[in-house]
Structures are given as structure tokens and as C-alpha cells.
């Protein structure tokens, strides 16, 4: 079977298979990717273990932290205790929830996450003071850009020409180690 044909079958199974998990299978949540196609997952009961990604999903489907998958236990596993059988998409989750087969612990967790992600409208208000340029002072200076000193742009046009010449001479002498000798 060619790679394209395999990918087609995997995608069809992924998007069109709305079957429920069997009795020995469980719905788990991905906590993090540990590398080498191993993912740390947690059950609805709070048990944390590693689950392996089967070869048919590798390089075809990517899962990230927070996704839900169906796993099947591996009896001889010490560290890796399960293998991923299916990856649940939003439509699968809706279908399982509609039939009341979704684990209650994940329902509560998802509600808490929604509350954390929701931002109240009053928190979105921005005052005019917060939009000022004073926030730029807190930013880290970019070391890859040359330093350029600008004379004060707020000086009065009636100021003495001596002040302007001092500012010009200061800018001209930047970077010269013996600037004092040249001025004198």
C-alpha cells in the first residue's frame, strides 16, 4: 500500500469513525509530548502514564497538549501503559457527550478551562494612560541596533544657539574615545 493510500485510510478513520470506546478502552487527555511518539496522558481518575502513538498515525496526525484520545491498555508495559487507538476531534467529543458517555471529570475540567480562558468585558477596557509611550521604557534594548542619541525634540525654538551647538557637538563626539581632547 502506498503512503498516500495509507494516509487516505487513516484520515477516513479519523474523521468518519464515530464509534464509542469499548469497555477495555478509555478516554484520556494528553498532558504533554515526551518525544519518540510517547505522550504523557491522564485518565478521568487522575492517573498519569505514558501512551505510545502507533505507526499508522505518525507523520499523518499530530496531537498537542489538551487533546483527547482513546487508549487501549498494554498489559506488559511498565512505563508505557497504553497505546493510542483513536484521536478524538471536536465532532467526536460532541457525539460522545450527546450520548452521555463522556467522563464527568473531563466535563468539569473543560468548564474550568473555559472560565480561565474567558475574559470579562470590563477587563478589556483600556485607559488612555495605558496607551502612552511610557511603556516603551520598560522594553529591553535591542543589542543588534546601533545606539543613536537624538537631541531633545521638545526644546524651544527661542533657545540659545550655544545649547544647540553643544548638543550637536555631543552627538558628533559619540563613540570617540578622546572626545574631550577634540572639543578643547
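Each value in this text was obtained by applying a stated rule to the coordinates, not by laboratory testing. Every value quoted in this text rests on a predicted model; they were computed, and no experiment measured them. Cβ sites come from the backbone with ideal geometry, for glycine too, and all protein chains shown count toward neighbours.
Region 55-75 and region 19-48 have their alpha-carbon centroids 8 Å apart. Ranked by the mean number of other Cβ atoms within 10 Å of their residues, highest first, the peptides 140-148, 94-102 fall in the order 94-102, 140-148. Would you mind classifying region 3-116 by shape? Square roots of the alpha carbon gyration tensor eigenvalues, ordered a ≥ b ≥ c; an a/c under 1.5 is rounded, otherwise it is prolate if a/b is larger than b/c and oblate if not. The shape class here is oblate. Fewest-first ordering of 5, 71, 43 by other beta carbons within 10 Å of each residue's beta carbon gives 5, 43, 71.
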